Amino acid sequence: MKIGYFADGPWSHEALKKLEKLDSVEIVFITPRFDTKDKFLKDWATSNNVPYIKEKNVNSRYFINKIKKYKPDLNVSMSFNQILKKNIIHSAKKGFINCHAGALPFYRGRNPLNWVLINGEKSFGITVHFIDEGIDTGDIIEQIKFKITDEDNYSTLLNKAIYECANLLVESIKKIESNNFSKISQKTIDKKGSYFSMRKKGDEIIDWEKSSLECFNFIRAISDPGPYARTYCNDIEYAIVSAKKSNFKKENNSIPGEIVRNKKNGIIVKTGKGSIEINNIAKVNKKGDIDKIFCPNFEIGSFFKKTKSKK
């Protein structure tokens, strides 16, 4: 089976390594993101004599006519970032599929691994589906879910998703090749589903008025390789690198954001409901990057705030 591979980044690397081991599958061209910085795909294409085609608009008639000569049976998207329209979707006889790190029809859109943690979900999903003209709305081929524990954060989910997405994609391709699969309409699971948008600058500021659980989930949801949760103390911006739940109860009349206790391995901060233990932080420099990570030790009664003081 001939495959056109629309891809970018570590997600696509893992899947490609597995696909090249399948004797019955041939990658006939690779199209990366137009602004790619991914050398792996280009190097792989060069060493395997596979056409490497960068294109600003894959929906253009020019591009579609160009890839027709490779006669792909199936087009595959793995971390590709262009919105696909009708003509490109139907340019291969077996269709166009995508692997999405979310349990469709829920968690459509960008950054689903951030959002499942922010929302306190107990599991996250990976779905392989056919692409249609909606956003992550096509019929499902395969879906699998994985448990989320308190020890998980954005990095652990990301690492698992990269590996498992590759596995599920390859299994789905095998089923499509043998025509041994069933399409599941997302509307049969939920008529509306849910969509989560891409996070934007400013979303990283933590709101201490929220509960301790919400703060804990927020901190781990945008930890490395994310931007980290941010806060201010004495007009200095800090990134919160790691935290854990706290059973500390002697809060007296403390208010959200107040540092109520120092410990050997961190500090206890009051939240809107309960408290949370902060174990590692770092100052944020003028460029917005973090400096050296350290275990915090602040004066009791100091405050973490959402903004700098007004002068």
Ignoring ligands, DNA and RNA, please state the percent of accessible area on the chain from carbon and sulfur, probe 1.4 Å. 48
Order the following by accessible area, largest value first: TYR228, TYR5, TYR163. Probe radius 1.4 Å; ligands, DNA and RNA are ignored. TYR163, TYR228, TYR5
The size of the Cβ-based charge dipole (Lys, Arg +1; Asp, Glu -1) of the range 160-311 about the Cα centre, to the nearest 20 debye, is 260
With a sphere of radius 15 Å drawn around the Cβ of LYS39, what net charge do the other residues whose Cβ falls strictly inside it have (Lys, Arg +1; Asp, Glu -1)? 0
Of TRP208, TRP115, which has the most accessible area with a 1.4 Å probe, and how do the rest follow in descending order? TRP115, TRP208
Find the percent of Cα-Cα distances in the range 1-44 that exceed 18 Å, and round it to a whole number. 21
What is the P(r) of the chain, as percent of Cα-Cα pairs per 20 Å bin from 0? 30, 46, 22, 2
So if I place +1 on the C-beta of Lys and Arg and -1 on the C-beta of Asp and Glu, and nothing else carries charge, what would the dipole magnitude of the range 1-154 be about its Cα centre? I want it in debye, nearest 20. 780
Value at 222 nm in deg cm²/dmol, rounded to 500, when DSSP H runs of n ≥ 4 in the chain each add -39,500 (n - 2.57): -7000 deg cm²/dmol
Assigned charges on the beta-carbon of Lys, Arg, Asp, Glu; the range 60-139 dipole about Cα centre (debye): 540
With Kirkwood's inverse mean 1/r over C-alpha pairs for Rh, give me the Rg to Rh ratio of the range 2-137, two decimals please. 0.97
Of ASN285, ILE268, PRO296, which is farthest along the charge dipole of the range 235-311 in the positive direction, counting Lys and Arg as +1 and Asp and Glu as -1 at C-beta? ILE268
To the nearest 10 square angstrom, how much accessible area does MET1 have with a 1.4 angstrom probe? 40
If each K or R counts +1 and each D or E counts -1, the residues other than SER77 whose Cβ falls under 12 Å of its Cβ total -1
Please tell me the relative contact order of the chain in percent, rounded to the nearest whole number, where contacts are Cα pairs under 8 Å and at least six residues apart. 13
Can you sort ARG220, ARG261, ARG61 by 1.4 Å-probe accessible area, starting with the largest? ARG61, ARG261, ARG220
Heavy-atom surface of the range 119-238, accessible at 1.4 Å and reported per residue (Å²): 52
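The values are calculated or read from the model by the stated rules, or taken from the named source; none is laboratory data. It should be emphasised that the depicted structure is a prediction, and the values quoted were computed from it without experimental measurement. Using ideal geometry, Cβ is built from the backbone for each residue, glycine included, and neighbour counts are taken over all protein chains shown. Quick note on the areas: whole protein, heavy atoms, side chains included, nothing else; ligands and nucleic acids left out. Shrake-Rupley method; radii C 1.70, N 1.55, O 1.52, S 1.80 Å.
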